[in-house]
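Worksheet for the structure shown next.
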Amino acid sequence: MPFYRKVGSVPRKRHIAHRHEPGYRGEGIYYEEVVSTGGFDHAYSICYHLRPPTRVKKVEPAGEVSVDIAQEPVLRHHHFKTAQLKPHGDPILGRVPLLVNADVAISRCVPAQRQTELYRNAVADEVLFVHQGKGILHTPFGQLPFKPCDYVVIPRCTTYRLEFEAAMQPNLLVIEASESITIPPHYRNRMVRSNSVHRITNGTSMDQKSCKPSTGRTRRRY
């Protein structure tokens, strides 16, 4: 899995002037934007725009979607027969919530219309499981093709549009998570920190200062 992926025109190094003539209003540069959900101590992406991303033409309420929650004092099994859902709405407004709590919302979506407007989920990461349908996910990071049985992960605040091929009726399972959806640490060669030692994924503990395998002995200075 490559750590860095470059698409399009990028400068030779980060955070320098990337020339583009004549540019927006004759300024002659691309405009850099650092995109992250965890700050600079987390994975982030750098995007370069033809126009400043801070320019906003208009801000207005987009409306609300209310969810009726069934109160059940006793936990029991449920069989959701979602295969009988009729096509409705687009890939965003056609979502039918099934299970909801403070951490996650699980919905089914069988869109009858194509998505004509760009969408950005500002409060949740999204996972789309494609039961049926084939198409392309359009984002500022490029185009991502998908097919049946694919999982499509869309981080929060990513502007996107789903484009499906007309040959097959789209059918989606949508998961919206309030916490960030990331790759599990044991699939990455990432060092996990504790208070006094660094723990490597193979379980070997390392002394924080010397970075040598810890023997468990206590050193005393007299």
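The values are calculated or read from the model by the stated rules, or taken from the named source; none is laboratory data. Owing to the predicted nature of the structure, the values given are computational and were not obtained by experimental measurement. Cβ coordinates were reconstructed from backbone atoms using ideal geometry, including for glycine residues, and neighbour counts include every protein chain displayed.
What are the residue pairs meeting all of these: first residue in segment 23-39, first residue touching a residue at least 40 places away in the same chain (Cβ under 8 Å), second residue of a type in the set (D, E) and not in a loop (DSSP other than H, G, I, E, B), Cβ atoms under 9 Å, and 6 or more apart or on different chains?
So the pair list comes out as T37/D125.
Being under 30 Å from H186 (Cα atoms), not small (G, A, S) and not in a loop (DSSP other than H, G, I, E, B) is the requirement here; does V34 meet it?
For V34, the condition - under 30 Å from H186 (Cα atoms), not small (G, A, S) and not in a loop (DSSP other than H, G, I, E, B) - is met.
Condition check: touching a residue at least 24 places away in the same chain (Cβ under 8 Å) and surrounded by fewer than 14 Cβ atoms within 10 Å (Cβ to Cβ). Does G8 satisfy that?
On the way: touching a residue at least 24 places away in the same chain (Cβ under 8 Å): yes; surrounded by fewer than 14 Cβ atoms within 10 Å (Cβ to Cβ): yes.
For G8, the condition - touching a residue at least 24 places away in the same chain (Cβ under 8 Å) and surrounded by fewer than 14 Cβ atoms within 10 Å (Cβ to Cβ) - is met.
Kindly indicate whether P22 is loosely packed, with under 11 Cβ neighbours inside 10 Å, over 23 Å from A177 (Cβ atoms) and modelled with pLDDT under 85.
So P22 fails the test.
So for segment 159-166 (the condition being in contact with a Cys (Cβ under 8 Å, 6 or more places away or on another chain), surrounded by 10 or more Cβ atoms within 10 Å (Cβ to Cβ) and either part of a loop (DSSP other than H, G, I, E, B) or among the polar types (S, T, N, Q) (or both)), does at least one residue qualify?
Looking for residues that are in contact with a Cys (Cβ under 8 Å, 6 or more places away or on another chain), surrounded by 10 or more Cβ atoms within 10 Å (Cβ to Cβ) and either part of a loop (DSSP other than H, G, I, E, B) or among the polar types (S, T, N, Q) (or both), one finds none in segment 159-166, hence no.
Which of (1) closer than 21 Å to C157 by Cβ; (2) free of Cβ contacts under 8 Å to residues at least 60 places away in the same chain does H20 not meet, given it meets every other one?
(1)
All but one of (1) part of a loop (DSSP other than H, G, I, E, B); (2) in contact with a Ser or Thr (Cβ under 7 Å, 6 or more places away or on another chain) hold for H77; state the number of the condition that does not hold.
(2)
Among strands (runs of 3 or more DSSP E) lying entirely in segment 91-148, which contain 1 or more residues that are free of Cβ contacts under 8 Å to residues at least 40 places away in the same chain? Walk me through how you get there before you give the answer.
On the way: elements: 95-100, 104-109, 125-132, 135-139, 142-146.
In segment 91-148, 95-100, 125-132, 135-139, 142-146 are the strands (runs of 3 or more DSSP E) which contain 1 or more residues that are free of Cβ contacts under 8 Å to residues at least 40 places away in the same chain.
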